[in-house]
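A short reminder: the numbers here are calculations on the coordinates, not readings from a lab. Please read these numbers as outputs of a predicted model, since none were measured by experiment. Please note: Cβ atoms are built from the backbone with ideal geometry, for glycine as well, and neighbour counts cover all protein chains shown.
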Amino acid sequence: MNKDSLKALTNAHAWVGLVISTILFIIFFAGSISLFRDDINAWELNPHFAVNEQSETLILDSVINTVAKDYNINTHGYFILSMPTAEQPLANLYFEEKISADEHVDQHLILAPNGKVIGKGNGSSWGDFLYELHYDLHIPEVGLYFVGIVCLFFFVALLSGVVIHWRKIISKFFQYRKDGKKDKLLDAHNLIGVMGLPFHIMYAFSGLVFNLLIIYQISYAVVLYGGDQSKLLTAAGVVDVHLDETKIVLPVQGLDNLYLTAKASLGEVSINRVSIDHFGDESAAVTFRGADESQFSTRKEATYHIASGRELYLTKDNFDNDLRGGLSVISSLHFGDFAGYLIRVLFFTLGIGTCYIILTGNLMWIQKKVNLRVEKQNLIGLKVVYAMTTGGFIGTIFASAVGFVFARVIPIEAIGRSDLISYLFFGCLFTAIVVSLNIKAQKQFAAIFLKITAVILAITPILDWLFVSQGIMAMLKLGYYHVIVVEVMLLSLALFCWLIASRLFVNKRTEADEQITETINISVQEQTPLST
Amino acid sequence: MWSRTFAGLIIGLLLSVSIVLNLNLLLPIKEDTMLLIGLLLAFPIWAGIQVWGYSFTSAKKAWLKLSLVLIPSVLINAVLLSLR
């Protein structure tokens, strides 16, 4: 590649990285934490509903009878039972309750291992909030595609980074010049980028598949299948086992027998999800879904007509379709759900490492612009980038830390609990950005803000033991360690924040920082007469 | 920079769709496997084309060179679809 092309690509790499940096940071930070989503949900909920027993199997018919007696379940809505597992003693039941002809409400019940309803979980979804933040930023309708576009540009930044760094990728593989200000940032950026390259490429690619698959779906349907989407879906392994509604009311019974039949038919499987279609109608069907944990990424599923017990569908290998199998592999890689905690800890470390790459990228850009002559500087741009870096990046960690604190201290039965925590999260993030925009000594602000964030992160484990120690102890006695996992994660993040504050944003007025403040001050003074 | 971005974004998308469609129409592989191969290739092609677009020193060059690759691929699409 010639010199001009390399220079153009280097500029583009910096520009693309800068444009997507704040959103990418949020995606990666929330995504890294979401690797422990089930643990976070259990951390939030389980200590409040501590159980003193373990049960191998849930009596499904008993659960259905109890719930059908107490609630008017919407026949046309969803009905999903998340089964207790070796890692999670409580079952979660999600369904739509019919209030009137047009009005339905979402219900989430918590079930003990014996099937007894022990509480409602509607207000506890902090783990799910973080996960949704990761994949659509809580932007309705278009958030998923927006995150997909950011993923695409992340992929572009990765590939362009590889091309730029290619000639030095082997010779400077372990280079880390800790004494030079710019060199240190660049070396950290390159070192983590190269070391984690397969991980980064996997995440950029799988993120694109999850969020922008629709583009290729449409183009394939239009060109190859003459606009017939159903033909494409059939080729893609989407199986339609839907039975037409008969409007004959029939109670749901016999699920335990069907569960045993499914277990026998599916072979090695741990069924983790039971869903019912057309609940309460004669046409109702039940689907048992699970994974074969003895094999990598193998999903199994069986569907039965409840009234007759007739088998409607059965697959022992990812819907017997290569595309579904491939998507299942991509999904397992993305969520790190194939090798226990070890792989998730590794992915978490690499994810937080990516956050550090994004941070160093922005800091290098700031450093480069500050070193330009005053008349060449775009001061508004410089200020915005600095504010997005301190306010946006640290603000995201701070808002998450606050979210964890409130997820622990707000009573689990409080009405509007989830909404309150989400408002607090966005309020903290927005405030952090606004404050950053109005602060001149950004480096000192960043150092203090990071240390405050570290302290808040470290407070949550203390609050856990102050508020729900009995529940935690009960769960620990049964061998469930979700609270400890989350506490270790939070303390690791606190340590990471404290180290960054102490090492990268040194809490004293450095020469470079004075230069930035001075530059901004001079230019503001120069620009004031023009604006008046 | 914006113009080169749009060149890579738009032509990259069209080219990725076009190339995987050509593969789909040419290779005698079963349907679901072909869909998977298309999926695995499409996004890297899109991102790769964007990177290529950024390597040009001007937006005009980027639009021109990328279009020169797109046109033959689309023509092959048209021929293969008409022969189907």
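Tabulated values for the structure
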| quantity | calculated |
| --- | --- |
| Cβ-derived FRET efficiency at R0 25 Å, residue A:149 paired with residue A:6, nearest 0.05 | 0.45 |
| Cβ neighbours within 10 Å from other chains - mean over A:216-222 | 5 |
| Theoretical FRET efficiency, 1/(1+(r/R0)^6), r = Cβ-Cβ of residue A:240 and residue A:166, R0 60 Å, to 0.05 | 0.80 |
| Only Lys, Arg (+1) and Asp, Glu (-1) charged, at Cβ; the protein assembly as shown dipole about Cα centre in debye | 3460 |
| Tilt relative to chain A, helix A:126-136 - C-alpha long axis, 0 to 90 degrees, to 10 | 70 |
| Extreme residue, positive dipole direction of chain B, given options B:26, B:73, B:36 (C-beta unit charges) | B:73 |
| Cβ neighbours within 10 Å from other chains - mean over B:10-19 | 2 |
| Long-range tail of P(r) for segment B:2-83 (Cα pairs > 17 Å, %) | 47 |
| Rounded FRET efficiency, nearest 0.05, which uses the C-beta distance separating residue A:257 from residue A:282 and R0 of 25 Å | 0.90 |
| Per-residue HN-Hα couplings for segment A:7-21 [Karplus 6.51, -1.76, 1.60; θ = phi - 60°; Hz; x = Gly/Pro] | 5, 4, 5, 5, 4, 5, 4, 5, 5, 4, x, 5, 4, 8, 3 |
| Dipole axis of chain A (+1 Lys, Arg; -1 Asp, Glu on Cβ), positive-most option in A:50, A:379, A:210 | A:379 |
| Segment residue B:60-residue B:75, extension gain: residue separation times 0.36 nm, minus the distance between their alpha carbons | 3.1 nm |
| Amide N proximity, segment B:41-57 versus residue A:197 label position 7 Å along Cα-to-Cβ, cut-off under 18 Å | B:44-45, B:47-49, B:51-52 |
| Computed lengthening from residue A:331 to residue A:229, 0.36 nm per intervening residue step minus Cα-Cα distance | 34.4 nm |
| Cα-projected label distance for residue A:371 with residue A:217, points at 7 Å along beta-carbon direction, nm | 4.7 |
| Chain A, relative contact order in percent, only Cα pairs under 8 angstrom and at least six apart counted | 18 |
| Alpha-carbon centroids, segment A:433-492 and segment B:10-62: separation in whole Å | 44 |
| Mean Cα-pair separation over length for segment A:130-261, i.e. relative contact order, pairs under 8 Å, 6 or more apart, % | 21 |
| Virtual spin-label span in nm between residue A:438 and residue A:247, 7 Å along Cα→Cβ | 6.3 |
| Principal-axis tilt of helix A:417-437 within chain A, Cα atoms, nearest 10 degrees | 10 |
| Percentage relative contact order, segment B:2-83, counting C-alpha pairs under 8 Å, at least six apart | 50 |
| Unit charges at the beta carbon, dipole of chain A: most positive-side option, A:164, A:107, A:280 | A:164 |
